[in-house]
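Notes to accompany the following structure.
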Amino acid sequence: PSLTDPNGRLTNYTVALNSGILTVQKASASVALGGLTQTYDGLAKVATATTTPTGLTVSLTYDGKTTAPVAAGSYAVTATVEDAIYTGTATGLLIIRPGLVAAWLPTSGEIQMRFSGKPASLFVIEVSSELAGWTPTETNQVDSAGIGYFRAAVPKGAGRGFYRFMLIP
């Protein structure tokens, strides 16, 4: 191998040619995750990723899948910088909380509710008469099809009752 200096710019330097491999590493970028706590509304929930330096392309996975989750539950999020010059990753936990379910039953009967969630997720059902002072009434698990169920007898004259499903992380 030889080294040439076609423009004569190396005249002030002593140049030695050594054989070897030059490896250029990617520069580090930092990644910050956001939007990690959201409420179920039937739409896919996407975490956000901000990079330094700004504007880098980031790919997101949820429990190893590229499709953003819809069902209530907890999902491991990994953000990876996709860039020719920079490298970086961040991990976090996306929590999709079930939405508030309210029921008003002026006469006796039975209330039945159903919501979708991540299979095998644990949830607690809480009740309140005025959307304050929530009392746990039942702990259960989302079934393998991703459905959580709640059924309760409502005594005659019980009036207004509010129920909420809370995932147990």
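A few remarks follow.
- Selection status of residue 125, within 14 Å of residue 167 (Cα to Cα), part of a strand (DSSP E or B), at pLDDT 90 or above and not polar (S, T, N, Q): no
- Qualifying positions in region 59-82 - in a strand (DSSP E or B) and among the β-branched types (Val, Ile, Thr): 61, 77, 78, 80, 81
- Test: residue 120 is within 29 Å of residue 138 (Cα to Cα), touching an Asp or Glu at 6+ places or on another chain (Cβ under 9 Å) and either surrounded by fewer than 11 Cβ atoms within 10 Å (Cβ to Cβ) or at pLDDT 95 or above (or both): no
- Residue among 91, 87 that alone is of a type outside the set (Asp, Glu) and either more than 14 Å from the chain's Cα centre (by Cα) or at pLDDT below 95 (or both): 87
- Residue within region 9-31 that is in a loop (DSSP other than H, G, I, E, B), modelled with pLDDT of 95 or more and either surrounded by 10 or more Cβ atoms within 10 Å (Cβ to Cβ) or basic (Lys, Arg) (or both) present: yes
- Given (1) modelled with pLDDT of 70 or more; (2) of a type outside the set (A, V, I, L, M); (3) not in a strand (DSSP E or B), number of the condition residue 138 does not satisfy: (3)
The values are calculated or read from the model by the stated rules, or taken from the named source; none is laboratory data. This structure is a prediction, so every number in the text was calculated from the model and none was measured. Here Cβ is always computed from backbone atoms with ideal geometry, including for glycine, and neighbour counts include all displayed protein chains.
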